[in-house]
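Participant: Take a look at this one; I'll ask things after.
The values are calculated or read from the model by the stated rules, or taken from the named source; none is laboratory data. Bear in mind that the values here come from a model prediction, so they are computed numbers and not experimental data. Using ideal geometry, Cβ is built from the backbone for each residue, glycine included, and neighbour counts are taken over all protein chains shown.
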Amino acid sequence: MTRPIHLAAGDEHFARLEQTWADPPSFLGWFSHVDHKSIGRRYLVTAFGFFLLGGILAGMMRLQLSRPDSSLIGPDLYNQIFTTHGTTMMFLFAVPVMQALGIYFVPLMVGARAIAFPRMIAFSYWMFLFGGVFLYISFLLNAGPDMGWFSYPPLAETLYTPSKRADVWAQLITFTEVASLATAVSLITTVFKMRAPGMSLNRIPLFVWAQVVTSFMVLFAMPAIMLASTELILDRLVNTHFFDVEHGGDALLWQHLFWFFGHPEVYIIFIPGSGIVSMIITTFSRRHMFGYLAVVLALVSTAFMGFGLWVHHMFATGLPQLGESFFTAASMMIAIPTGVQFFCWIATMWSGRITLKTPMLWILGFFAIFLLGGLTGVMLAAVPLNIQVHDTFFVVAHLHYVLIGGAIFPLFGAFYYWYPKITGRMLSERLGRWVFGLMFTGFNLTFFPMHLLGLHGMPRRVYTYPASMGWGTLNLVASGGALLMGCGVLLFLIDALRALRAGDVAADDPWGAGTLEWATSSPPPYSNFLRPPTVAGREPLWDNPIDQPVIVGLRDDVRDVLVTHVLDAEPDHRVAFPEPSCWPFLTAVATTALFIWSIFNPWAVVYGSVPVFVAMVGWFWPKSPNEGATPPWPIRHRTLPRPGEAPAAGGAI
Amino acid sequence: MSPRETGRTLDVSALAPGAFGSRSLMWWGTMGIVLIESTVFALAIGSYFFLRTRMPAWPPDGVAPPDLRWGTINTLVLLASLIPNQLAKRAGERVDLRGVRIWMVVCLVFGVGFNAVRVYEFQHVNVLWDHDAYGSIVWVLLGLHTTHIVTDFLDTAVLAVLMFVGPVEEKRFVDVEENSVYWYFVVLAWLPIYGVLYWAPRLT
């Protein structure tokens, strides 16, 4: 999808530059791509594919529940369906799709030629893909996990789940967490060390702030679930006793570790969503964000507080009263930074000139839905109500209002907003309004009745219910709503495929936005920016003076990248980035073999690590005598600077 | 050496093609990994003390705490390895190929040493992983750290081979430096784990 750039004769520098940065176009070359735009596109498409699969599973559940005493789907299959649905949406869609947007757009928004550690990003993609395929193959082989997406022991222990279903779940977790941890490290490094000169910390676009805050949350949250799922699989495969009460273990250890990850996970999904909201509101209100600093601080404090309220998922386990009070207070307190963001968004729109294009519609939808989800969240923070509606459809309604409101609606806004940049084509405004209308109506029809069903006592995760309970009508309404949502997604898909070929050609900056991803062509060239930019404001395309300098002097015969200082992004040094390589793919294949083999034989962890080691050495080993473009041996004295040495760069801009 | 600003361009061609320490991207990547793995260790230690509150006796009756001898010897070996590690780091920062080769090999000798002593540690933890929850968490803590000393040994070995057979270029010395930073992490992370495994069961 990268169009050849037509250059005027004599622009040999740019032609060579593009040749240097291009990934191999051949079929085999496809496995060695390291361009963040190429990987980002794959990540987006793959995550959206899993969204469709998860959606189909949701549709099957709604079909089953649409009338009482239905025998369409049996309890065993139903258990696999809701577990695979939840697991897919959390681990294979919501987190990866947000990181995918980060992989594609963060380097563009900070004005960089590439993402830091591009081969690690490629590895991350392959791990994510293989993990997801592994889950769905297992599901088709009737080995899909069936213990719920949080896989509580003792249900998930061998005694109650003797099949491989829980092992499949535990290893899927390992796949996806490896993938998102690798991405998080790359994004943090990109944001702190590769920003365009002039982009000091207080000029970083809010979406990029959201991504970096999320990445830090990933670093601290994901290890908890990796440890937990490792302990679970050890309990199952080699008879350890972490969650086995008879031998001194405790199932509550699982719940603590799981929710220490699981609650931050909600914010790992929502914070990028709020970053999207900030970007779209700024663009379509035609003014700088009101209260930029307050919004950044709100993101950071949400991240901190997100780690302090995991226990509110465990109120029904019988905790000490003091603990309950503490976590109730913490759960209510986190509404404060979210409130700050809301008021800043409202103030921005209030004082701006709003244009109601399709991306903006999704943001307005987000306001309505997420607000309702937030309100039921405050209700659920109260222990008595929490225990009353525990494990009912009220919780299902709440979590879908939060996640679909907080992430999917901004995400669809993002699809409409950034589709032109990625593909060079515009989506249809007219169809977009229909998609929004169908999704918004369908969503509320589906999930609002679930609040009432929950209050009427309908438990979640039951495959059917007797007619005498009187839940039939509301369930039928919910299923009808799901059908509308399905139509909305289908219409979006049709439009997205149509627009690839037949959509209106997009300008570089079709919305008149101010951030750097719009400063390059649509779609961007391989090197992102033929002339890398410098910036003089928060919205460079609005704020930069006409003679704002562009960067020259980066080499065009190696993948030369400018590295800048953390705080003020002053130029520091250059570094040559790695060439395309098939080794990340091969490493992912070897790691996949190890993970899957280990379900059947614990010794696979030892034997299987040999190919992984070989692949990693292949990845690291230099292929050409001077691939780093640093001075070759022999060197008489050091030429590269150390910290604190006289800056090789002076230039404040 | 400062970039030249003309009317419309910022010329960065004079900047160095790389940098050492916290200026380099490699340092940031290493720190990211260190943060992730520190969190894993911290949560595993948290699990240890959580399980401890769930059992009537810790270690359970009839089980002795791990023998102090091998764990303590290994702690000393690991700490001693910081000396050649620091010297390798310094040699890297001086771009002194001879020094890098010598001290990385010495580091590897220490690596063989602490991996070998680790085998004895496993033989003297006095409990198996399937005995009870105490045994499980002891083996997971020791196993987690063992994974780190094995992989760090292998990383270092691969880099050392490269520094002998080449092609050597200046940016490899940044790798040597960051490898030493990670070695520091692996050794220092052992100290709390040593305290927990060997001393926590002895304090009542």
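Participant: Determine whether the stretch A:304-325 contains at least one residue that is within 28 Å of A:ILE280 (Cβ to Cβ), out of contact with any Pro (no Cβ under 8 Å at 6 or more places or on another chain) and assigned to a helix (DSSP H, G or I).
Facilitator: Yes, some residue in the stretch A:304-325 is within 28 Å of A:ILE280 (Cβ to Cβ), out of contact with any Pro (no Cβ under 8 Å at 6 or more places or on another chain) and assigned to a helix (DSSP H, G or I).
Participant: Please go through the stretch A:246-255 and pick out each residue that is without any contact (Cβ under 8 Å) to a residue 60 or more places away in the chain and more than 7 Å from every other protein chain (Cβ to nearest Cβ). Reasoning before the result, please.
Facilitator: To start, the set of residues in the stretch A:246-255 that are without any contact (Cβ under 8 Å) to a residue 60 or more places away in the chain comprises A:246-250, A:253.
The one that is without any contact (Cβ under 8 Å) to a residue 60 or more places away in the chain and more than 7 Å from every other protein chain (Cβ to nearest Cβ): A:GLU246.
Participant: Another question, if that's okay. Could you list, in sequence order, all residues of the stretch A:168-214 that are of a type in the set (Phe, Trp, Tyr) and either without any contact (Cβ under 8 Å) to a residue 40 or more places away in the chain or more than 10 Å from chain B (Cβ to nearest Cβ) (or both)?
Facilitator: From the stretch A:168-214, those of a type in the set (Phe, Trp, Tyr) are A:169, A:175, A:192, A:207, A:209; that's our starting set.
Hits for the stretch A:168-214 are A:TRP169, A:PHE175, A:PHE207, A:TRP209.
Participant: Looking at the stretch A:117-127, can you tell me whether even one residue there is farther than 22 Å from A:VAL295 by Cα and not in a helix (DSSP H, G or I)? I'd like the intermediate steps shown before the answer.
Facilitator: At the first step, the residues of the stretch A:117-127 found to be farther than 22 Å from A:VAL295 by Cα are A:117-127.
Narrowing the set further to residues that are not in a helix (DSSP H, G or I) leaves A:117.
Yes, the conditions are met somewhere in the stretch A:117-127.
Participant: For the stretch A:369-389, give me each residue that is surrounded by fewer than 17 Cβ atoms within 10 Å (Cβ to Cβ) and in contact (Cβ under 8 Å) with a residue 60 or more places away in the chain.
Facilitator: Residue satisfying the conditions is A:ILE387 alone.
Participant: Still on this structure, please answer the following. Going by what's in this entry, would A:ARG574 be described as basic (Lys, Arg) and either touching a Phe, Trp or Tyr at 6+ places or on another chain (Cβ under 6 Å) or farther than 30 Å from A:PHE50 by Cα (or both)? Spell out the reasoning first.
Facilitator: Numbers: basic (Lys, Arg): yes; either touching a Phe, Trp or Tyr at 6+ places or on another chain (Cβ under 6 Å) or farther than 30 Å from A:PHE50 by Cα (or both): yes.
In short, yes.
Participant: Let me ask you something else. Right, B:LEU203: under 20 Å from B:THR75 (Cα atoms) and at pLDDT below 95 or not?
Facilitator: Details: under 20 Å from B:THR75 (Cα atoms): yes; at pLDDT below 95: yes.
Judged against the criteria, B:LEU203 is a match.
Participant: State all residues of the stretch A:148-167 that are surrounded by 24 or more Cβ atoms within 10 Å (Cβ to Cβ) and within 24 Å of A:VAL97 (Cα to Cα); if no residue qualifies, say none.
Facilitator: Pass one, the stretch A:148-167, residues surrounded by 24 or more Cβ atoms within 10 Å (Cβ to Cβ): A:151, A:153, A:156, A:166-167.
Correct list: A:SER151 only.
Participant: In this structure, does B:LEU15 turn out to be more than 19 Å from A:ALA576 (Cβ to Cβ), crowded, with 20+ Cβ neighbours inside 10 Å and modelled with pLDDT under 95?
Facilitator: Details: more than 19 Å from A:ALA576 (Cβ to Cβ): no; crowded, with 20+ Cβ neighbours inside 10 Å: yes; modelled with pLDDT under 95: yes.
No: the conditions fail for B:LEU15.
Participant: Can you give me the number of residues within the stretch A:202-241 that are within 19 Å of A:ASN601 (Cα to Cα) and small (Gly, Ala, Ser)?
Facilitator: 1
Participant: Scan the stretch A:275-317 for residues that are touching a Gly at 6+ places or on another chain (Cβ under 8 Å) and within 25 Å of A:PHE150 (Cα to Cα) and report the count.
Facilitator: So the answer is 3.
Participant: Does the stretch B:58-67 contain at least one residue that is within 8 Å of chain A (Cβ to nearest Cβ) and over 26 Å from the mean Cα position of the chain (by Cα)?
Facilitator: If we filter the stretch B:58-67 for residues that are within 8 Å of chain A (Cβ to nearest Cβ), which is where we start, we get B:60.
Now restrict to residues that are over 26 Å from the mean Cα position of the chain (by Cα): B:60.
Among the residues of the stretch B:58-67, at least one is within 8 Å of chain A (Cβ to nearest Cβ) and over 26 Å from the mean Cα position of the chain (by Cα), which makes the answer yes.
Participant: Go through (1) surrounded by 23 or more Cβ atoms within 10 Å (Cβ to Cβ); (2) within 11 Å of chain B (Cβ to nearest Cβ); (3) hydrophobic (A, V, I, L, M, F, W, C) for A:LEU234 and report which single condition fails.
Facilitator: The number of the failed condition is (1).
Participant: Considering only the stretch B:152-171, state which residues are in contact with a helix residue (DSSP H, G or I) (Cβ under 8 Å, 6 or more places away or on another chain), in contact (Cβ under 8 Å) with a residue 12 or more places away in the chain and not in a loop (DSSP other than H, G, I, E, B).
Facilitator: Hits for the stretch B:152-171 are B:ASP152, B:PHE153, B:ASP155, B:THR156, B:ALA157, B:LEU159, B:ALA160, B:MET163, B:PHE164.
Participant: Take the residues of the stretch A:485-511 that are without any contact (Cβ under 8 Å) to a residue 40 or more places away in the chain and acidic (Asp, Glu): which is nearest to A:THR283 (Cα to Cα)?
Facilitator: Per the criteria, the residue is A:ASP509.
Participant: So is A:VAL218 out of contact with any strand residue (DSSP E or B) (no Cβ under 6 Å at 6 or more places or on another chain), assigned to a helix (DSSP H, G or I), in contact (Cβ under 8 Å) with a residue 24 or more places away in the chain and more than 10 Å from every other protein chain (Cβ to nearest Cβ) or not? Show your work before the answer.
Facilitator: Working: out of contact with any strand residue (DSSP E or B) (no Cβ under 6 Å at 6 or more places or on another chain): yes; assigned to a helix (DSSP H, G or I): yes; in contact (Cβ under 8 Å) with a residue 24 or more places away in the chain: yes; more than 10 Å from every other protein chain (Cβ to nearest Cβ): no.
Taking the combined requirement at face value, the residue does not satisfy it.
Participant: Applying the selection to the stretch A:56-80, what residues are farther than 20 Å from A:GLY442 by Cβ and in contact (Cβ under 8 Å) with a residue 60 or more places away in the chain?
Facilitator: We begin by selecting, within the stretch A:56-80, every residue farther than 20 Å from A:GLY442 by Cβ; these are A:68-80.
If the condition is that a residue be farther than 20 Å from A:GLY442 by Cβ and in contact (Cβ under 8 Å) with a residue 60 or more places away in the chain, then A:PRO68, A:ASP69, A:SER70, A:SER71, A:ILE73, A:GLY74, A:PRO75, A:ASP76, A:TYR78, A:ASN79, A:GLN80 are the ones that fit.
Participant: Among the residues of the stretch A:628-653, how many are buried (at least 17 other Cβ atoms within 10 Å of the Cβ) and modelled with pLDDT under 65?
Facilitator: Residues in the stretch A:628-653 being buried (at least 17 other Cβ atoms within 10 Å of the Cβ) and modelled with pLDDT under 65: 6 in total.
Participant: Filter the stretch A:566-575 down to the residues that are facing chain B (nearest Cβ under 8 Å) and touching a Lys or Arg at 6+ places or on another chain (Cβ under 9 Å), then identify the one that is surrounded by the most Cβ atoms within 10 Å (Cβ to Cβ).
Facilitator: Taking the candidates together, the pick is A:VAL575.
Participant: Need the failing condition index for A:GLY323 against (1) in contact with a helix residue (DSSP H, G or I) (Cβ under 9 Å, 6 or more places away or on another chain); (2) at pLDDT below 95; (3) within 21 Å of A:GLY374 (Cα to Cα); (4) not acidic (Asp, Glu), just the number.
Facilitator: Result: A:GLY323 fails condition (3) only.
Participant: Further, regarding this structure: Take the residues of the stretch A:96-147 that are hydroxyl-bearing (Ser, Thr, Tyr) and in contact with a helix residue (DSSP H, G or I) (Cβ under 6 Å, 6 or more places away or on another chain): which is surrounded by the fewest Cβ atoms within 10 Å (Cβ to Cβ)?
Facilitator: The first filter runs over the stretch A:96-147 and keeps only residues hydroxyl-bearing (Ser, Thr, Tyr), leaving A:104, A:124-125, A:136, A:138.
Still in the list and also in contact with a helix residue (DSSP H, G or I) (Cβ under 6 Å, 6 or more places away or on another chain): A:104, A:124-125, A:138.
Working: A:TYR104: 25, A:SER124: 28, A:TYR125: 26, A:SER138: 23.
Top of the filtered list is A:SER138.
Participant: Sticking with this one: Run down B:SER81, B:SER38, B:SER47 and say which single residue is on the phi < 0 side of the Ramachandran plot and within 8 Å of chain A (Cβ to nearest Cβ). Give the derivation first.
Facilitator: Working: B:SER81 fails: within 8 Å of chain A (Cβ to nearest Cβ); B:SER38 fails: within 8 Å of chain A (Cβ to nearest Cβ).
It is B:SER47.
Participant: Determine which member of the set A:GLY537, A:GLY514, A:GLY454, A:GLY480 is part of a helix (DSSP H, G or I), away from chain B (no Cβ under 14 Å) and under 29 Å from A:TYR416 (Cβ atoms). I'd like the intermediate steps shown before the answer.
Facilitator: On the way: A:GLY537 fails: part of a helix (DSSP H, G or I); A:GLY514 fails: part of a helix (DSSP H, G or I); A:GLY454 fails: under 29 Å from A:TYR416 (Cβ atoms).
Answer to the check: A:GLY480.
Participant: I'd like the residue in the stretch B:127-183 that is acidic (Asp, Glu) and closer than 17 Å to B:VAL112 by Cβ and, out of all such residues, is farthest from the other protein chains (Cβ to nearest Cβ). So that I can check it myself, show each step before the final result.
Facilitator: First pass over the stretch B:127-183, keeping only residues acidic (Asp, Glu): B:130, B:132, B:152, B:155, B:169-170, B:175, B:177-178.
Pick out the ones that are also closer than 17 Å to B:VAL112 by Cβ and you get B:152, B:155.
Working: B:ASP152: 13, B:ASP155: 9 Å.
The qualifying residue farthest from the other protein chains (Cβ to nearest Cβ) is B:ASP152.
Participant: Can I ask one more? Being over 30 Å from A:ASP509 (Cβ atoms) and either in a helix (DSSP H, G or I) or in contact with a Phe, Trp or Tyr (Cβ under 6 Å, 6 or more places away or on another chain) (or both) narrows it down to one of A:TRP149, A:TRP169, so name that one.
Facilitator: Numbers: A:TRP149 fails: either in a helix (DSSP H, G or I) or in contact with a Phe, Trp or Tyr (Cβ under 6 Å, 6 or more places away or on another chain) (or both).
That would be A:TRP169, the only listed residue that is over 30 Å from A:ASP509 (Cβ atoms) and either in a helix (DSSP H, G or I) or in contact with a Phe, Trp or Tyr (Cβ under 6 Å, 6 or more places away or on another chain) (or both).
Participant: Would you mind stating whether A:PHE394 is in contact (Cβ under 8 Å) with a residue 60 or more places away in the chain, closer than 22 Å to A:MET98 by Cβ, among the aromatic types (Phe, Trp, Tyr) and crowded, with 21+ Cβ neighbours inside 10 Å?
Facilitator: no
Participant: Just wondering, is there one or more residues in the stretch A:576-594 that are in contact (Cβ under 8 Å) with a residue 12 or more places away in the chain and at the interface with chain B (Cβ under 8 Å from one of its Cβ atoms)? Full working, then the answer.
Facilitator: Going residue by residue through the stretch A:576-594, those that are in contact (Cβ under 8 Å) with a residue 12 or more places away in the chain are A:576-594.
So of that shortlist, the ones also at the interface with chain B (Cβ under 8 Å from one of its Cβ atoms) come out as A:576.
Yes, the stretch A:576-594 has at least one match.
Participant: Sticking with this one: Got a sec? Which of A:THR282, A:THR230 is touching a His at 6+ places or on another chain (Cβ under 9 Å), assigned to a helix (DSSP H, G or I), hydroxyl-bearing (Ser, Thr, Tyr) and in contact (Cβ under 8 Å) with a residue 40 or more places away in the chain? Talk me through it step by step, then tell me what you get.
Facilitator: Details: A:THR230 fails: touching a His at 6+ places or on another chain (Cβ under 9 Å).
That would be A:THR282, the only listed residue that is touching a His at 6+ places or on another chain (Cβ under 9 Å), assigned to a helix (DSSP H, G or I), hydroxyl-bearing (Ser, Thr, Tyr) and in contact (Cβ under 8 Å) with a residue 40 or more places away in the chain.
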